[in-house]
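Asker: Below you will find the structure I want to go over with you.
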């Protein structure tokens, strides 16, 4: 297995039924790395207040991360809003895993990127916590319903993964507006810091793109999309959606204008996931292709 330089993972939500820990374990086994950044909401204390679901696979995820840290891999934990209790321990280490409020990562090709969970860019989470909690409950309901829908699709022999939560985000224009505002806030913050871009999580919307001339990357989650970002040894960033069988570079979005007009992307069960190229054109990829980001600084 080829070693990668860096893994960026967020929104695992350990402690919930929706957490897809088995798929995360498969991903970690296939991607040994020099360093790993856990960018928030790794443990879901919000949901655990309502009821705890801690499976053997979730326990193994924790053990595997601790083992990798003991064996010399640098692992940094940046708490999010769902595990914000750990923000009381910034600067400390637990089992060789460092806890930091944020980090600045320099890629192999020289880009300096801000790593932060992203709840600070979410005006609802910051100023209307009860609305955020209500939205969290609704999202978890969608995800649990989607588990049943996925089972039905597999039973009927329907190929491909379909996300109910992702469909809702694409169809509800206020959700799209929230996502676009979030991206702009994140990039603006990186620009004010004199950085080349930002990698975050929080909104469960995986993507790598340029916003206002800077790199914006979102890790996605391990509840619905099962996605993460990988930095290769030459500094290339790849967005991976893990399907449990093979590594695929996947783009789960269409241009903003099409989404706002409620025009959905063509669904082709035989097609391989789409790549985002630097000029933002979409094309159907062949198996084994990877999503690469420009090697030069933005």
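Asker: Taking the condition of being closer than 20 Å to residue 105 by Cα and either in contact with a strand residue (DSSP E or B) (Cβ under 6 Å, 6 or more places away or on another chain) or surrounded by fewer than 22 Cβ atoms within 10 Å (Cβ to Cβ) (or both), how many residues in segment 1-18 meet it?
Answerer: The qualifying residues number 7.
Asker: Given (1) surrounded by 14 or more Cβ atoms within 10 Å (Cβ to Cβ); (2) touching a helix residue (DSSP H, G or I) at 6+ places or on another chain (Cβ under 9 Å); (3) within 18 Å of residue 221 (Cα to Cα), identify the lone condition not met by residue 76.
Answerer: Here residue 76 clears every test but (2).
Asker: Another question, if that's okay. Restrict the check to segment 9-18 and report whether at least one residue is over 18 Å from residue 226 (Cβ atoms), modelled with pLDDT under 95 and not in a helix (DSSP H, G or I).
Answerer: Of all residues in segment 9-18, those over 18 Å from residue 226 (Cβ atoms) come to none.
Checked segment 9-18: no residue is over 18 Å from residue 226 (Cβ atoms), modelled with pLDDT under 95 and not in a helix (DSSP H, G or I).
Asker: For segment 19-62, name all the residues that are part of a loop (DSSP other than H, G, I, E, B) and surrounded by 21 or more Cβ atoms within 10 Å (Cβ to Cβ).
Answerer: Hits for segment 19-62 are 19, 20, 39, 40, 41, 42, 44.
Asker: In addition: Pick out the one residue from 159, 186, 165 that is within 22 Å of residue 112 (Cβ to Cβ) and either assigned to a loop (DSSP other than H, G, I, E, B) or modelled with pLDDT of 60 or more (or both).
Answerer: Details: 159 fails: within 22 Å of residue 112 (Cβ to Cβ); 165 fails: within 22 Å of residue 112 (Cβ to Cβ).
Checking each option against the conditions leaves just 186.
Asker: Go through 86, 65 for me and flag whichever is touching a helix residue (DSSP H, G or I) at 6+ places or on another chain (Cβ under 9 Å), under 21 Å from residue 231 (Cβ atoms) and either crowded, with 16+ Cβ neighbours inside 10 Å or without any contact (Cβ under 8 Å) to a residue 12 or more places away in the chain (or both).
Answerer: Matching residue, one of 86, 65: 65.
The values are calculated or read from the model by the stated rules, or taken from the named source; none is laboratory data. Values in this document were obtained by computation on a predicted structure and should not be read as measured data. Positions of Cβ are backbone-derived with ideal geometry, glycine not excepted, and every protein chain shown enters the neighbour counts.
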